[in-house]
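*Asks:* Once you've had a glance at the structure underneath, I'll fire off some questions.
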Amino acid sequence: MSDTDLQPAIADRPSLSPGKRIADWILANPAGFPLALLALTCLVVGAINPDFWQLANLFDVLRASVVEGLFALGVLVVLAAGGLDVSFSAIAALVMYTVTLIVSTLVPGLGILPILLAGLAGGALLGALNGVLINLLKAPALIVTIATQYAFRGFLLTFVGTALFMNIPASMTAFGQIALFSQVSADGLRVQFPAYFLIFVLAAIVTWALLNHTLLGRAVYACGGKPEIAARLGFNIARVRVFVFAWAGMLAGLAGILHVTSNRLANPFDLAGTELAVIAAVVLGGARVTGGKGTVGGTIAGVLLITLVDNVLIQVGIPSTWRTAVVGAFILLAGMFYAWVDRTAVGR
Amino acid sequence: MTQTDTDAPFLETRALHKRYGGVHALRGVDLTIRRGRFYHLLGENGCGKSTLIKIISGAQSPSEGRVQIEGVEQPATPDPIAALAAGIETVYQDLSLLPNLSVEENIGLTSQLVASGGRLAVRLRRGEMRALAARAAAEVGLPSDPAFLRTHVDRLPIATRQLISIARAVAAEAGLVIMDEPTTALTRREIAHLIGVIRKLQARGTALLFVTHKLDEAKEIGGTGIVMRDGQFVAELDIETADLAEVGELMTNRRIDQARYRAASPAAAEVARLSVDGLSRAGSYRDISFDLAPGEILGITGLLDSGRNPLALGLAGLAPPDAGQVRLDGRTVDLSDPSTGMDRGIAYVPEDRLEEGLFLDKSITDNIAMTVFDRLRGALGIVSMDRARILAREVADDLKIVAEDVDAPVGSLSGGNQQRVLIGRWLATKPRVLILHGPTVGVDVGSKDTIFRIIQRQAEAGMGVIIVSDDIPELIQNCDRIAVMRDGRIVETFDGARVDAGQLYAAIGGILETAETAP
């Protein structure tokens, strides 16, 4: 065929220099960067303090990453669609406190399943409100969710309550106590791995399947890449937007309920101020605030990294006040690294 | 060439009107498209071409009139899915590709979306998508291996992206493919390949509607030329036999000079205005030397990978050369910093006015004055906006920029007027050398005329002008000399008054093969 000889010229792929190879690999394996940092942190901490290598620490980190991980999965979906959400912690607080309060006052004997479902539904509803507002007002997602964050928190503290209470429904206490694994460690401490961690695993699997194996998932990335082109190709942008915020809200509602079950108390002031750390974890995992990118695997790795830093630095004698500085350094590193990846991989 | 021609038209519009507020953009358009034919929609910016396309592709609905596809009336409300389902693929200049998705997704996703009727809560059939994409990619001459199909589109060169958008049309088994300025970003060789692919589509019975400013290209492709002016069809003609000057006249309603604009000749001078000696940049260009006299216009051309673009950037100080020397009126210029070049009097008008040049949401005044704020500074270093406005008005008058006033945002202007604002900005710096990179890309015939006149006037006033372009007629019409680059070197320099297009194409090494591609 006369046109086959033109093929190589037209379909030239970027030639591979070592830098480009790394950049390419990271683009194909977004979890690589946070996993590398994770491994590095473990090795450094473990070298300084060999006590680090024990099951209890692993369980601590995994347990502590459940709530932040659920938030992060929601933020991932929103970021992938080109949005930004800072209202999830307020949604979680509103949902967890309201649901716990209503159940413990009206139906204290209610099982855990309906409580979890109530958390999911309440969160999804509040999240969908974000999406609807963004569509109606044609306003930036950041501004709208800052506003709803204040509104949700204000509503909670003004109309629902401000008092911490500990007489939460029995089913919630019991659920928080179920252990998948339990052991008495060498120094006589009881080590437990909570079953609610499985809920996080399930949420991650469902989110992954949704993003990668449904048309909706592709629509999410399409909107995050070039919304005007996605619309031209027949994707309903407004619907996708409502969905991603509802999804983030739903996971936040779930996270709120799990937060109460693990702490065995409902505090309306909890969870506030976690927004930036969660967004940072997602960005560490390879999502971009500019939208259209990000994976579930990378996000989980990012969350584990942040939780690890949060939990173990104290073991190597770094004062806990320094924790935030280390997290900040990692985020800065991630920002530089991903900017380099984007520059190197796309540039030819 | 096979023509699958049935009597029933594929698409028909009847008495189509479109009003935007007070603007009557379409005034009764009757368009008939038959399968397996080529159509070229010709007209100046603002003549209603894009409105017509938006209506056909379901992005907008007409104010009056109807659209029928294979005898079926199209919905009255905008519905891209319905248009796609009916077999209409629209490839805009941005190629309608999603940069962060893979090749296979870009090719195959719309088919699944159409199959589901726009519903999103359905399973993505990856295997099916991959098979479809592989088939369509192979058909347009792209690789069809999994590694390529999984590459994200933003990592591929523009010519490949162009073919991907056509592969999508193949995958969708489109009855009509609309292409808006498909060749703007392509080199001759790539255009030749594209035309081959397009002929294959035609052989399958697909109709193609091109929107284009390049009349010579339309002529090479052949088919029906539809000339639009003021929201109406003014003529339908066989583009192969049409006289291009006549077509230009129909489009603009005025006589367009196809002859050379260049009448004056460069001033004799002892010292060259710009003297380039042994300029090199690793991997881009080597050993470039030439002298540019005051008032001379030099054209530089070559294939996309010939090094012409890096050379233009190098002379502008945007990508500093590794070796060599540049002297401006005898004084050495440091090219490692764009602002020194600018201060000394070398102005560079970039090719991509939207991405590299203009601030679309800023006013004409802001866009023009931004390079000369230094000169507009009054007491206390405060920039006088009144003086900026006066300057902008002078430039706007001088360059015949059509706008309500100089406070209008540049984004509200037509392509030709935007280009004039960009040129005006650099003329405001009163440069001694003006480097224009693709000065009329995406600009209509009437605006081209104005821009050429501006270039000539500047040269007559003694400015040295360099035009870097792959628009051969444009170079012949304007330049004293035309240098052809290949593999990073200047291989031949022609006298602009004597050279013909064939000689130039031959030297470039990308002779447009019009030979039929075997289906």
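The values are calculated or read from the model by the stated rules, or taken from the named source; none is laboratory data. Keep in mind that this is a model prediction, so the values were computed, not measured. As a convention, Cβ positions derive from the backbone with ideal geometry for all residues, glycine included, and neighbour counts pool all protein chains shown.
*Asks:* Given B:S63, B:S96, which one is crowded, with 21+ Cβ neighbours inside 10 Å and hydroxyl-bearing (S, T, Y)? Outline the logic, then answer.
*Replies:* On the way: B:S63 fails: crowded, with 21+ Cβ neighbours inside 10 Å.
The unique qualifying residue is B:S96.
*Asks:* For the structure I just gave you, tell me whether A:L106 is surrounded by fewer than 19 Cβ atoms within 10 Å (Cβ to Cβ) and within 28 Å of A:Y221 (Cβ to Cβ). First the steps, then the outcome.
*Replies:* Numbers: surrounded by fewer than 19 Cβ atoms within 10 Å (Cβ to Cβ): yes; within 28 Å of A:Y221 (Cβ to Cβ): no.
Considered against the rule, which asks whether it is surrounded by fewer than 19 Cβ atoms within 10 Å (Cβ to Cβ) and within 28 Å of A:Y221 (Cβ to Cβ), A:L106 comes out as no.
*Asks:* I'm trying to understand the selection: among the residues of region A:209-241, which are under 18 Å from the mean Cα position of the chain (by Cα) and aliphatic (A, V, I, L, M)? Talk me through it step by step, then tell me what you get.
*Replies:* Of the residues in region A:209-241, the ones under 18 Å from the mean Cα position of the chain (by Cα) are A:209-212, A:217, A:220-221, A:224, A:241.
Listed by number, the residues that qualify are A:A209, A:L210, A:L211, A:V220.
*Asks:* While we're on this one: Would you confirm, using the coordinates I've provided, whether A:S65 is at pLDDT below 85 and either within 14 Å of chain B (Cβ to nearest Cβ) or buried (at least 20 other Cβ atoms within 10 Å of the Cβ) (or both)?
*Replies:* On the way: at pLDDT below 85: no; either within 14 Å of chain B (Cβ to nearest Cβ) or buried (at least 20 other Cβ atoms within 10 Å of the Cβ) (or both): yes.
Considered against the rule, which asks whether it is at pLDDT below 85 and either within 14 Å of chain B (Cβ to nearest Cβ) or buried (at least 20 other Cβ atoms within 10 Å of the Cβ) (or both), A:S65 comes out as no.
*Asks:* List pairs: first residue in region B:123-148 and within 11 Å of chain A (Cβ to nearest Cβ) and assigned to a loop (DSSP other than H, G, I, E, B), second residue surrounded by 14 or more Cβ atoms within 10 Å (Cβ to Cβ) and among the aromatic types (F, W, Y) anywhere in the structure, Cβ distance under 8 angstrom, at least six positions apart or on different chains.
*Replies:* Pairs found: B:L142/B:F148.
*Asks:* Taking into account only those residues within region A:182-208 that are surrounded by fewer than 12 Cβ atoms within 10 Å (Cβ to Cβ), of a type in the set (A, V, I, L, M, F, W, C) and within 26 Å of A:W53 (Cα to Cα), which is modelled with the lowest pLDDT?
*Replies:* Only one residue fits best here, namely A:A186.
*Asks:* Take region B:69-109 and flag every residue that is within 11 Å of chain A (Cβ to nearest Cβ), in a helix (DSSP H, G or I), out of contact with any Pro (no Cβ under 7 Å at 6 or more places or on another chain) and under 21 Å from B:G205 (Cα atoms).
*Replies:* B:A83, B:L84, B:A85, B:G108
*Asks:* Further question: Which residue out of A:A139, A:A151, A:A147 is assigned to a loop (DSSP other than H, G, I, E, B) and either in contact with a strand residue (DSSP E or B) (Cβ under 6 Å, 6 or more places away or on another chain) or away from chain B (no Cβ under 14 Å) (or both)? Before the answer, list the steps.
*Replies:* On the way: A:A151 fails: assigned to a loop (DSSP other than H, G, I, E, B); A:A147 fails: assigned to a loop (DSSP other than H, G, I, E, B).
After applying the criteria, what remains is A:A139.
*Asks:* In this structure, is A:G253 buried (at least 23 other Cβ atoms within 10 Å of the Cβ) and either in contact with a Gly (Cβ under 8 Å, 6 or more places away or on another chain) or touching a residue at least 60 places away in the same chain (Cβ under 8 Å) (or both)?
*Replies:* So A:G253 passes the test.
*Asks:* Assigned by TED's automatic domain parsing to the domain that holds B:A347 and over 17 Å from B:Y261 (Cβ atoms): does that describe B:I472? If you could, list the steps in order and put the result at the bottom.
*Replies:* Details: assigned by TED's automatic domain parsing to the domain that holds B:A347: yes; over 17 Å from B:Y261 (Cβ atoms): no.
No, not satisfied.
*Asks:* Separate question: Conditions: (1) in contact with a strand residue (DSSP E or B) (Cβ under 7 Å, 6 or more places away or on another chain); (2) modelled with pLDDT under 90; (3) surrounded by fewer than 22 Cβ atoms within 10 Å (Cβ to Cβ). B:G48 meets all but one. Number of the miss?
*Replies:* Of (1) in contact with a strand residue (DSSP E or B) (Cβ under 7 Å, 6 or more places away or on another chain); (2) modelled with pLDDT under 90; (3) surrounded by fewer than 22 Cβ atoms within 10 Å (Cβ to Cβ), only one is false for B:G48: (3).
*Asks:* Considering region B:408-441 alone, what residues qualify as being within 18 Å of B:T252 (Cα to Cα), crowded, with 21+ Cβ neighbours inside 10 Å and either among the aromatic types (F, W, Y) or touching a residue at least 60 places away in the same chain (Cβ under 8 Å) (or both)?
*Replies:* Within region B:408-441, B:G416 is the sole residue that qualifies.
*Asks:* Sort out which residues of region B:207-264 are of a type in the set (K, R) and more than 27 Å from B:L95 (Cα to Cα), and write them in order of number.
*Replies:* Applying the first criterion (of a type in the set (K, R)) to region B:207-264 yields B:214, B:219, B:229, B:254-255, B:260, B:262.
Residues satisfying the conditions are B:R254, B:R255, B:R260, B:R262.
*Asks:* Further, regarding this structure: Among residues belonging to region A:19-61 that are modelled with pLDDT under 85 and of a type in the set (G, A, S), point out the one that is surrounded by the most Cβ atoms within 10 Å (Cβ to Cβ).
*Replies:* Step by step, filter region A:19-61, then rank; the result is A:A23.
*Asks:* Identify, from the list A:G234, A:G188, the residue that is within 14 Å of another protein chain (Cβ to nearest Cβ), on the phi > 0 side of the Ramachandran plot and either free of Cβ contacts under 8 Å to residues at least 40 places away in the same chain or among the charged types (D, E, K, R) (or both).
*Replies:* Numbers: A:G188 fails: within 14 Å of another protein chain (Cβ to nearest Cβ).
Within the list A:G234, A:G188, the selection yields A:G234.
*Asks:* Any residue that is away from chain B (no Cβ under 14 Å) and either acidic (D, E) or in contact (Cβ under 8 Å) with a residue 60 or more places away in the chain (or both) - is there at least one of those in region A:214-231?
*Replies:* Kept after step one, since they are away from chain B (no Cβ under 14 Å), are these residues of region A:214-231: none.
Looking through region A:214-231, none of the residues is away from chain B (no Cβ under 14 Å) and either acidic (D, E) or in contact (Cβ under 8 Å) with a residue 60 or more places away in the chain (or both).
*Asks:* For region B:201-222, give me each residue that is within 14 Å of chain A (Cβ to nearest Cβ) and either surrounded by fewer than 19 Cβ atoms within 10 Å (Cβ to Cβ) or outside any helix (DSSP H, G or I) (or both).
*Replies:* Here is the first cut: in region B:201-222, the ones within 14 Å of chain A (Cβ to nearest Cβ) are B:201, B:203.
Of everything in region B:201-222, just one residue is within 14 Å of chain A (Cβ to nearest Cβ) and either surrounded by fewer than 19 Cβ atoms within 10 Å (Cβ to Cβ) or outside any helix (DSSP H, G or I) (or both), namely B:A203.
*Asks:* When only residues in region B:165-200 that are within 16 Å of the chain's Cα centre (by Cα) and part of a loop (DSSP other than H, G, I, E, B) count, which is surrounded by the most Cβ atoms within 10 Å (Cβ to Cβ)?
*Replies:* Filtering first and then ranking leaves B:P182.
*Asks:* Take A:A272 and decide whether it is part of a helix (DSSP H, G or I) and among the small types (G, A, S).
*Replies:* Working: part of a helix (DSSP H, G or I): no; among the small types (G, A, S): yes.
For A:A272, the condition - part of a helix (DSSP H, G or I) and among the small types (G, A, S) - is not met.
Listed here are the residues, each with its yes/no results for (1) away from chain B (no Cβ under 14 Å); (2) at positive phi; (3) aromatic (F, W, Y); (4) over 16 Å from the mean Cα position of the chain (by Cα).
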{"site": "A:F243", "(1), (2), (3), (4)": "no, no, yes, yes"}
{"site": "A:A255", "(1), (2), (3), (4)": "yes, no, no, no"}
{"site": "A:G286", "(1), (2), (3), (4)": "no, yes, no, no"}
{"site": "A:V296", "(1), (2), (3), (4)": "yes, no, no, no"}
{"site": "A:V303", "(1), (2), (3), (4)": "yes, no, no, no"}
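*Asks:* Starting from residues that are more than 14 Å from chain B (Cβ to nearest Cβ), touching a residue at least 60 places away in the same chain (Cβ under 8 Å) and among the aliphatic types (A, V, I, L, M), keep the ones in region A:308-348 and report whichever is nearest to A:V61 (Cα to Cα).
*Replies:* A:L308
*Asks:* Okay, moving on. I need the full set of residues from region B:415-457 which are among the basic types (K, R) and more than 14 Å from B:D398 (Cβ to Cβ), in order please.
*Replies:* So in region B:415-457, the residues among the basic types (K, R) come out as B:420, B:425, B:430, B:432, B:448, B:453, B:457.
Within region B:415-457, B:R432, B:K448 meet the criteria.
*Asks:* Report yes if some residue within region B:467-475 is in a loop (DSSP other than H, G, I, E, B), surrounded by fewer than 22 Cβ atoms within 10 Å (Cβ to Cβ) and not charged (D, E, K, R); otherwise report no.
*Replies:* No.
*Asks:* Out of region B:151-198, which residues are in contact with an Asp or Glu (Cβ under 8 Å, 6 or more places away or on another chain), touching a residue at least 40 places away in the same chain (Cβ under 8 Å) and closer than 20 Å to B:I226 by Cβ?
*Replies:* B:A174, B:G175, B:L176, B:V177, B:I178, B:I195
*Asks:* If I ask for residues that are buried (at least 20 other Cβ atoms within 10 Å of the Cβ), at pLDDT 90 or above, under 20 Å from B:V326 (Cβ atoms) and out of contact with any Leu (no Cβ under 8 Å at 6 or more places or on another chain), which ones from region B:476-504 would you list?
*Replies:* Of everything in region B:476-504, just one residue is buried (at least 20 other Cβ atoms within 10 Å of the Cβ), at pLDDT 90 or above, under 20 Å from B:V326 (Cβ atoms) and out of contact with any Leu (no Cβ under 8 Å at 6 or more places or on another chain), namely B:I490.
*Asks:* Hey, any hits in region B:436-444 for a residue that's modelled with pLDDT of 80 or more, under 19 Å from B:L292 (Cα atoms) and in contact with a Pro (Cβ under 7 Å, 6 or more places away or on another chain)?
*Replies:* yes
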